[in-house]
C-alpha cells in the first residue's frame, strides 16, 4: 500500500466506562481497498471501537480519524463517510424493495437527481432488478443481505463497517456476498468486519485479534496461522478417546489438548520432537495410537491459543 | 427399550408448512454414546426436525422413535426421557445462576444430594464455578448459553437435543461447551446437536448435512469430505481478484473462491494441476506467495453439492 494514505487511523485509543477499560491503547491503520477483520470474544472491545469510529461514542483519550476526519471533533461529518450494516440487516420487511432503498437514500441524504441511478445500481448489485416491487419480508436471506449491503452504501461511503454480516447465511449466498465485498474493496472502499466467526475471518485481508481491549495479534489469515499460534498442532487418533484426552492434558510437553469427534488435537512446542514421546506415553498407558500427524491450525486454534495463554477465560471480562 | 437399539431413529420424516416442505423424507439414526450433528444454513429444516423429535411437533408423514418411544403415539414418553434445549431456552434473568439451576432441578424432580453434585460438576466444566451468585441477566451471551446447557443437563436423560446452542458464542466458550458434551458420553447418552456453523461438523462423530429440508450427506466428518469431486488448492496472493480473472477457464478448474489473502480453487486432480497452475502464474509474473493443496472444508463440499440451486431461487 505504498504511497496511499490510510483511510482509518487509530492512535492510542482508550475508552473507559467507570473503572472498566473497554478499549485499552489501541493503534491501527487501515488502507483504501483493504478488508480488515476485527476479531475477538464478546466484550473484547470490538463494538466499542467501531462505535467510536462511527462517531457515536467519544473516546476517553487518544485519537481516531476516519477519511481524514477526527471522530471526536466532527462526529456528524464522519457519518457521511461511512456505511454500516449489522447481522440484523435493519431493513423494513413491510416496505417494498425500492421503498427501502428510498428510505435509506433519504437517511444518508443522497441527492434527488442521482437517486434513480444509485437505486438501479443497488438493484443490479443485489440481483433484484426483477423484484423492485416485492415486499422485502418475502425475500430469501441471501437477497435481503445484499439489499441491506446496497442500502448501507447508497451514499458511496469510502469506509464500510460490517458487523457479523453473514452468520447463519447459506454458504452459496455467503460466497456471493463476499464476492461483492471484495468488488467494493477493489474499487477502493475500506471494509471493516467485526466477527467472532472464524469462517468470516478467513475472507479478510488483514486481521486484528482483540482481547480485553488490547490488540494481541495481527496479520493476514495465513500469517496468523503460521506465526501467532504458540506451538504446533498434532492430530491424534486412538482408542478410548476420553481417557486419552485426560492423559494427554498432562502429557509430556503438551500445552493444550481438545477433542474433535473421534480424534484429539494436541498443541505441543515442536511437533516432530513431541511425536515419539507421546506415542510411547500413550502406549505405556495401554492406549493404542492409530494415527498421529502434524496438521495446520485453523484460525480458531490460533484464537484460542492467543487468548487462553493470557490467563482466565475471556468471558470473565465480558460480564462486568 | 431393546438392548443396543438406536437412541434416535428417524425414517422418512416429513413436515410441511403452508407453501414449504420444511423437512423432506429425512432418515437417520443416532446411537447411544454418539454426538450427531444436524448441519445446515438457516431454513435447512434443523429446528423443525428437533421439534418433531422432542415430541412437540407432529410430522405429516414418516416415523421416529426417541429413547424407544414413538414421537407421535407417545410424545409424553419422549419428553420424560430427553433433555431439549431450544433456541429460546428459558432462563430467568432476575434469578442467580444457582437459583436457575435449582429451579430446573425442581422441575425434573431431582433429589438434593444428586443435584448438588451434578451442578458443581457441570459448572466446573463450563468454567462458571465462581459465578453462582450472579444474576443470569448479567451474564454475557456465551455464559448464558452455557448456563442453559447446565440447566438442561441437570437431570440425566438418555437423549439430549440441542438446537443451535453455540449460536453467537465465542470460540473459547464454544470449546467449553463441547467439553461438557464430550464429558457426558461416558454416561452413554446420545446427543443430537444442530448448528449453522459448518466448521462445527468436525467436532461431531457423525453429521447429517441438510439443505432446504433434504439430506445431502450423512457420514463421519472424514468420510464426508471424500464426497468432494476433486481437490482444493489454495493460492496465497496479494492480488486475488486479478489472479482469478487470469485463471478463469483454466483446464481442470471447476470453481474459484476469493478468500482474504488469496484464492481457493477446486480442481479435478491436484497432483497434475498444482504444477500446471504454478507454471502459468509464474510465467505471467503474477505476484503470489505459494500454491498448495489444502484439506477441503465441509463448506467446499456443501457448495459443490448444492451447486447452482442455492437458497435464492
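The values are calculated or read from the model by the stated rules, or taken from the named source; none is laboratory data. Worth saying up front: this structure is predicted, and the values here are computed from it rather than measured. Positions of Cβ are backbone-derived with ideal geometry, glycine not excepted, and every protein chain shown enters the neighbour counts.
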- Query: For the range B:117-127, how many residues meet the condition of being more than 14 Å from chain A (Cβ to nearest Cβ) and touching a helix residue (DSSP H, G or I) at 6+ places or on another chain (Cβ under 9 Å)?
  - Reply: 5
- Message: Among the residues in the range B:234-250, are any in contact with a helix residue (DSSP H, G or I) (Cβ under 8 Å, 6 or more places away or on another chain), within 14 Å of chain A (Cβ to nearest Cβ) and in a strand (DSSP E or B)?
- Response: yes
- Task: Just name the residue that is surrounded by the fewest Cβ atoms within 10 Å (Cβ to Cβ) out of those in the range A:121-143 that are within 13 Å of another protein chain (Cβ to nearest Cβ) and assigned to a helix (DSSP H, G or I).
- Result: A:130
- Going by the structure shown, is residue B:186 part of a loop (DSSP other than H, G, I, E, B), out of contact with any strand residue (DSSP E or B) (no Cβ under 7 Å at 6 or more places or on another chain) and without any contact (Cβ under 8 Å) to a residue 60 or more places away in the chain? no
- Name the residue, out of A:218, A:167, A:222, that is out of contact with any helix residue (DSSP H, G or I) (no Cβ under 6 Å at 6 or more places or on another chain) and more than 9 Å from chain B (Cβ to nearest Cβ). A:218
- Item | Residue under evaluation residue A:214, criteria (1) under 30 Å from residue A:20 (Cβ atoms); (2) crowded, with 18+ Cβ neighbours inside 10 Å; (3) touching a strand residue (DSSP E or B) at 6+ places or on another chain (Cβ under 7 Å), criterion not met | (2)
- Query: residue B:300: outside any loop (DSSP other than H, G, I, E, B), within 14 Å of chain A (Cβ to nearest Cβ) and touching a helix residue (DSSP H, G or I) at 6+ places or on another chain (Cβ under 9 Å), yes or no?
  - Reply: yes
- Query: Does at least one position in the range A:42-59 carry a residue that is surrounded by 19 or more Cβ atoms within 10 Å (Cβ to Cβ), modelled with pLDDT of 95 or more and on the phi < 0 side of the Ramachandran plot?
  - Reply: yes
- Query: If residue A:196 satisfies every condition in (1) surrounded by fewer than 23 Cβ atoms within 10 Å (Cβ to Cβ); (2) touching a helix residue (DSSP H, G or I) at 6+ places or on another chain (Cβ under 8 Å) but one, which is the exception?
  - Reply: (1)
- Note on the structure: Within the range A:28-49, of all residues that are touching a residue at least 40 places away in the same chain (Cβ under 8 Å) and closer than 17 Å to residue A:70 by Cβ, the one nearest to the other protein chains (Cβ to nearest Cβ) is A:30
- Message: Residues to consider are B:191, B:154; find the one that is buried (at least 22 other Cβ atoms within 10 Å of the Cβ), more than 11 Å from chain A (Cβ to nearest Cβ) and more than 15 Å from the chain's Cα centre (by Cα).
- Response: B:154
- Item | Residue list for the range B:23-47, restricted to those being farther than 18 Å from residue B:67 by Cα, more than 14 Å from chain A (Cβ to nearest Cβ) and surrounded by fewer than 22 Cβ atoms within 10 Å (Cβ to Cβ) | B:24, B:25
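Looking at the range B:132-142, is at least one residue more than 8 Å from every other protein chain (Cβ to nearest Cβ) and either buried (at least 24 other Cβ atoms within 10 Å of the Cβ) or in a strand (DSSP E or B) (or both)?
Step one: of the range B:132-142, the residues more than 8 Å from every other protein chain (Cβ to nearest Cβ) are B:132-133, B:135-137.
Then drop every residue that is not either buried (at least 24 other Cβ atoms within 10 Å of the Cβ) or in a strand (DSSP E or B) (or both), which leaves B:135.
Yes, because at least one residue in the range B:132-142 is more than 8 Å from every other protein chain (Cβ to nearest Cβ) and either buried (at least 24 other Cβ atoms within 10 Å of the Cβ) or in a strand (DSSP E or B) (or both).
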- Residues in the range A:144-179 that are assigned to a helix (DSSP H, G or I) and modelled with pLDDT of 90 or more: how many? 6
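The rows are residues; the columns are (1) touching a residue at least 24 places away in the same chain (Cβ under 8 Å); (2) within 18 Å of the chain's Cα centre (by Cα).
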| position | (1), (2) |
| --- | --- |
| A:51 | no, yes |
| A:56 | no, no |
| A:65 | yes, no |
| A:71 | no, no |
| A:76 | no, no |
